[in-house]
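Here the structure is laid out as structure tokens; the discussion comes afterwards.
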Amino acid sequence: MTNLVKAIQIAENGGPEVLQLVEIEVPAPADNEITIQQHAAGLNFIDIYFRQGLYKQPLPHGLGAEGAGIVTAVGKNAKKRFKVGDRVAYGQSPLGGYAQARNVPAAQVVHLPAGISFEEAAAIMLKGLTVQYLFRQTYRLQGGETILFHAAAGGVGLIACQWAKALGVKLIGTVSSPEKAALAKANGAWQVIDYSKENVVERVMELTKGKKVPVVYDGVGKDTWLASLDCLQPRGLMISYGNASGPVDGVNLGILASKGSLFVTRPTLGTHVNTPEKMQAAADELFELVLKKKIKVRIDQRYPLAQAAEAQTALAARKTTGATVFTME
């Protein structure tokens, strides 16, 4: 059985204008897949990298790796974990999330509790699991630490602010405007630095009384690389997990020595949740905080699939706050 659904695809790399709304056929799921009738899909910065060609994929291809919905068909090897009618979500998958329905490898899908909506799940799976691995695996926060987190008012940042507060961690967030500063504070940031007006390194020195921080979480990349290193204590850890301002390249390793025997890692979600069990466990920790209202899911932008270009343009221009989701009416 096959059915036609609307989806966004690109036939060439380029600007937002290459996004095309097309009809595609969804075949029966392979043995290790399930078919999901999607109620919502998430928008993330990585989608723009694939559109532009910074990350290469054979063309034509879909976009998006985050969504939530109802299982409508189950491959034979996936029947131990899923059945038709299950509420599910995923935060990383093969490309193709911008679609009304799709097949997803079952190993990348988690069960979604009844208390969390499909839109909430599509808004937090990638961003929330990113914070989970950053805070609970890459550098396991115990509580009581003071940390630096860049882009604190973005989709990942607002979850990080709330999660840090729930852990008893003092999060210093960087933002680009007074409005974003207020938003980060409202979501639990201990202190906020507006980098359009303030010197990040000087403010971190002031806020930590000269001690600096043991860890910096940096999803911005090129623009913040050097400032991040200057905020770290000797033997501190620089976690560079994204490239919103462009990739960090041409790094001279000697700089790590001169700034205090620093550590650097460039982690990804995939290597932290590389089994179905690890994926579900990470998601359950996230869902528990949402259900306890320790993390409130903030969806500030909703778009139909047909407006994918507008949605990506707004995200790239840093005009969004919180999360953006595509709805599937």
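With respect to the conditions (1) of a type outside the set (S, T, N, Q); (2) touching a helix residue (DSSP H, G or I) at 6+ places or on another chain (Cβ under 9 Å); (3) surrounded by 19 or more Cβ atoms within 10 Å (Cβ to Cβ), TYR139 lacks only one, and its number is (2). Quick check: is even one residue across segment 243-257 crowded, with 18+ Cβ neighbours inside 10 Å, touching a helix residue (DSSP H, G or I) at 6+ places or on another chain (Cβ under 8 Å) and either aromatic (Phe, Trp, Tyr) or without any contact (Cβ under 8 Å) to a residue 12 or more places away in the chain (or both)? No, that holds for no residue. Scanning segment 297-329 for residues that are surrounded by 14 or more Cβ atoms within 10 Å (Cβ to Cβ) and of a type in the set (Lys, Arg) yields ARG298, ARG302, ARG318. Remark: pairs (first residue in segment 44-68, under 17 Å from ARG318 (Cβ atoms); second residue part of a loop (DSSP other than H, G, I, E, B) and among the hydroxyl-bearing types (Ser, Thr, Tyr); Cβ separation under 7 Å; 6+ apart in sequence or on different chains) = TYR49/TYR55. Considering the conditions (1) of a type in the set (Lys, Arg); (2) at pLDDT 95 or above; (3) within 15 Å of the chain's Cα centre (by Cα), ARG298 is excluded by exactly one of them, (2).
Determine whether TYR90 is in contact (Cβ under 8 Å) with a residue 12 or more places away in the chain, within 17 Å of PRO276 (Cβ to Cβ) and hydroxyl-bearing (Ser, Thr, Tyr). Step through it out loud before you land on a result.
Numbers: in contact (Cβ under 8 Å) with a residue 12 or more places away in the chain: yes; within 17 Å of PRO276 (Cβ to Cβ): yes; hydroxyl-bearing (Ser, Thr, Tyr): yes.
Yes.
Within segment 108-131, one or more residues are of a type in the set (S, T, N, Q) and buried (at least 24 other Cβ atoms within 10 Å of the Cβ). If you scan segment 17-32, which residues turn out to be farther than 19 Å from THR327 by Cβ and in contact with a helix residue (DSSP H, G or I) (Cβ under 6 Å, 6 or more places away or on another chain)? Hits for segment 17-32 are ASP31, ASN32.
Annotation: LYS211 fulfils all but one of (1) part of a helix (DSSP H, G or I); (2) touching a Ser or Thr at 6+ places or on another chain (Cβ under 9 Å); the unmet one is (1).
The values are calculated or read from the model by the stated rules, or taken from the named source; none is laboratory data. Just so it is clear, the structure is predicted and the values come from calculations on it, not from any experiment. In this analysis, Cβ positions are derived from the backbone assuming ideal geometry, glycine residues included, and neighbour counts consider all displayed protein chains.
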